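The structure under discussion appears below in the form of structure tokens.
The values are calculated or read from the model by the stated rules, or taken from the named source; none is laboratory data. From a predicted model like this one, the values you see are computed outputs, not experimental measurements. Note that we place each Cβ from the backbone using ideal geometry, even for glycine, and neighbour counts take in every protein chain shown. Accessible surface is based on the protein model in full, side chains and every heavy atom, while ligands, DNA and RNA are left aside. Shrake-Rupley method; radii C 1.70, N 1.55, O 1.52, S 1.80 Å.
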Amino acid sequence: MTSPATTNPTADLNRALAQIGLHATAAGLDDLLARAAKGRWPARSLLEAIAQTELQERARRGLERRLQRARLGRFKPMVDFDWNWPKRIDRETLERALTLDFVRQGHNLILLGANGLGKTMITKNIAHQAVLHGYSVLFRTAAEILDDLQVDSPELRRRRLTHYAQPQLLCIDEVGYLSYDPHAADLLYEVVNRRYEQKSLLITTNRAFKDWNAVFPNAACIATLLDRLTHHADVTVLEGQSYRVRESEQEAAARRKKA
């Protein structure tokens, strides 16, 4: 004769907690119950511990999702940035940007300067700060965005434009590094226009605004694009020699010394 099946109350409770979304509590249930018993917690204290555990876990998962969606990749922290290397840099404006004031106000930030001066590094650090403070962020190069938007289907293009309109901070890196046809300027204008006076843009470019006609030749919307982009914006200019060239020279000198 088969004996009646036995049940495991703890396993059943674990499954029930997981089914209602209390995954962190389910994972640490034995430890939580042991601490509650040892400390003779009242029911309210046990519920408060459960709530705190779940809030912390949800905050952690939310941060992971925002970091993943931001697509920042690897970058050096600002503590490694040499403020003395550029011949010209508005440190006050950039340090204020790291406090995210411009994001809270829905304003824009534009970093303009030659290659190798740290524009992308600064941008990624600002974006990372925004993610840590709970903002939705997306980092993409101009080439990636424009390639993504150049599709034949109007409906698909609208959905992708909506995608770029949604993040509270959209970082567009390397505007001006490549040349595009006039239609690309219209697409970039659509991105800027959908975010205008609502959500922040952070743009890096190696071209002065007067030279954007060379980036988007024969584009009729350049003046309007720049007008909306620079309205409610801080434009900060970096000047100097490439930091990457300096690092390469230092590495070569170190190799020669070692040899």
Extreme residue, farthest from PHE209 (Cα to Cα), among residues of region 237-250 that are modelled with pLDDT of 70 or more and open to solvent by 100 Å² or more (accessible area, probe 1.4 Å): ARG244
Given (1) under 23 Å from the mean Cα position of the chain (by Cα); (2) at pLDDT 90 or above, identify the lone condition not met by GLY62. (2)
So in region 105-139, with the set limited to residues that are part of a strand (DSSP E or B) and in contact with a Pro (Cβ under 6 Å, 6 or more places away or on another chain), which one is surrounded by the fewest Cβ atoms within 10 Å (Cβ to Cβ)? LEU138
Give the residue that is farthest from ARG104 (Cα to Cα), with candidates limited to residues of region 192-225 that are aliphatic (A, V, I, L, M) and in contact with a strand residue (DSSP E or B) (Cβ under 6 Å, 6 or more places away or on another chain). ILE203
Among the residues of region 84-98, count how many are farther than 14 Å from GLY113 by Cβ and open to solvent by less than 100 Å² (accessible area, probe 1.4 Å). 4
Within region 200-208, is there a residue that is assigned to a helix (DSSP H, G or I), of a type in the set (A, V, I, L, M, F, W, C) and surrounded by 15 or more Cβ atoms within 10 Å (Cβ to Cβ)? no
Give region 215-236 a look and list any residue that's in a helix (DSSP H, G or I) and either open to solvent by 30 Å² or more (accessible area, probe 1.4 Å) or farther than 29 Å from LEU146 by Cα (or both), or say none. ALA223, THR224, ASP227, ARG228, THR230
Given the conditions (1) closer than 28 Å to THR93 by Cα; (2) modelled with pLDDT of 95 or more; (3) not in a strand (DSSP E or B), every one holds for LEU178 apart from (2)
Going through region 82-104 in order, the residues found to be in a loop (DSSP other than H, G, I, E, B) and either touching a residue at least 40 places away in the same chain (Cβ under 8 Å) or not hydrophobic (A, V, I, L, M, F, W, C) (or both) are ASP82, ASN84, TRP85, PRO86, LYS87, ILE89, ASP90, THR99
When both residues are 6+ apart or on different chains and their Cβ atoms are under 6 Å apart, which pairs have a first residue that lies in region 143-167 and is open to solvent by less than 70 Å² (accessible area, probe 1.4 Å), and a second that is part of a loop (DSSP other than H, G, I, E, B)? ALA143/LEU178; ARG157/VAL151; PRO167/SER136
Going residue by residue through region 52-66, is there one that turns out to be surrounded by 12 or more Cβ atoms within 10 Å (Cβ to Cβ) and more than 28 Å from SER136 (Cα to Cα)? no
